[in-house]
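Throughout, read-outs are computed from the coordinates displayed, never taken from laboratory work. All values derive from a computational prediction rather than experimental measurement. Using ideal geometry, Cβ is built from the backbone for each residue, glycine included, and neighbour counts are taken over all protein chains shown.
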Amino acid sequence: MSIQLGQIAPDFTQESSRGEISFHKWLGDSWGILFSHPKDYTPVCTTELAQAARLMPEWEKRNVKVIGLSVDSGANHVGWEKDIEETQGQSLNFPVLADEDRTVTDLYGMMHPECDPNITVRTVFIIDPAKKVRLMMMYPPSAGRNFQEILRVVDSLQTSDKYTVATPVDWKPGEPAIIPPSISNEKAKTMFPQGWKELKPYLRIVELPGK
């Protein structure tokens with residue numbers, strides 16, 4: 001199955017390290033990050049899961065629920081969690097799907113046979129409270145993810161939704177945003193009474209409230 005931005009994230013019911021999860025119900029009105037791992041007891045994933053757990057205060061501040069996935073069993077997950085805590089100094093505080101039958105893997109297109117027919121690639125899906133897929137990233141098995149970038153994208157998406165803006169390259173919270181070309185100057189006067197800087201008719205820079 002090929003997933004596209006803007007479509008509803010496929011729902012599923014699957015076992016996890018914290019019991020059975022019905023995905024849409026579990027998400028509720030939160031944002032969600034679903035990220036997959038090639039398999040349990042892999043070195044790069046061990047570091048990634050620990051980092052995602054360390055960032056829990058940041059996820060909660062943004063109303064984000066995090067859920068991992070591996071194509072191994074729940075029993076394997078239990079042992080792996082112990083290794084993660086021992087080697088990384090961080091216990092897991094979010095569920096990891098035990099997708100042994102590859103139900104979720106197939107729904108989300110996480111298996112790339114040309115890369116390796118036996119393991120999932122490292123995928124990341126950011127899903128909004130309307131259950132729409134807002135971002136997809138795919139990493140090869142050898143490259144660890146940058147969770148600061150994932151946090152940054154969540155901030156960008158939430159800012160864009162709140163103020164109807166776009167964010168420029170390397171944007172971080174508190175920095176100026178961009179008024180989309182689809183918004184006329186007349187409409188922008190109502191939406192952005194603070195005014196903006198026009199570099200080109202299509203490139204209008206605006207400071208957002210709360211900077």
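Observations, loosely collected:
- To the nearest ten degrees, helix 43-54 and the longest principal axis of the Cα atoms of the chain are 50 degrees apart.
- A Förster radius of 22 Å combined with the Cβ-Cβ distance from GLU58 to GLU175 puts the calculated FRET efficiency at roughly 0.75.
- Reachable lysines, given that their alpha-carbon falls under 29 Å from the alpha-carbon of LYS132 and they are not under 8 places away in the same chain: LYS25, LYS39, LYS61, LYS65, LYS162, LYS172, LYS187, LYS211
- R0 of 30 Å, Cβ-Cβ distance GLU100-VAL44: FRET efficiency to nearest 0.05: 0.90
- Nearest-ten-degree value, helix 147-163 long axis tilted from longest Cα axis of the chain: 40
- Value at 222 nm in deg cm²/dmol, rounded to 500, when DSSP H runs of n ≥ 4 in the chain each add -39,500 (n - 2.57): -9000 deg cm²/dmol
- Normalised per residue, the volume of the convex hull around the Cα set of the stretch 164-206 (Å³): 72
- 5 angstrom amide H check on LEU135, placed H, neighbours 5+ away: ILE126
- Sequence-distant aspartates and glutamates (8 or more away, or on other chains) whose Cα lies within less than 16 Å of LYS197: GLU175, GLU186, GLU207
- Compactness of the chain as Cα Rg over 2.2 N^0.38 Å, two decimals: 1.15
- Taking every DSSP beta bridge that has both ends in the chain, the antiparallel portion is near 70%.
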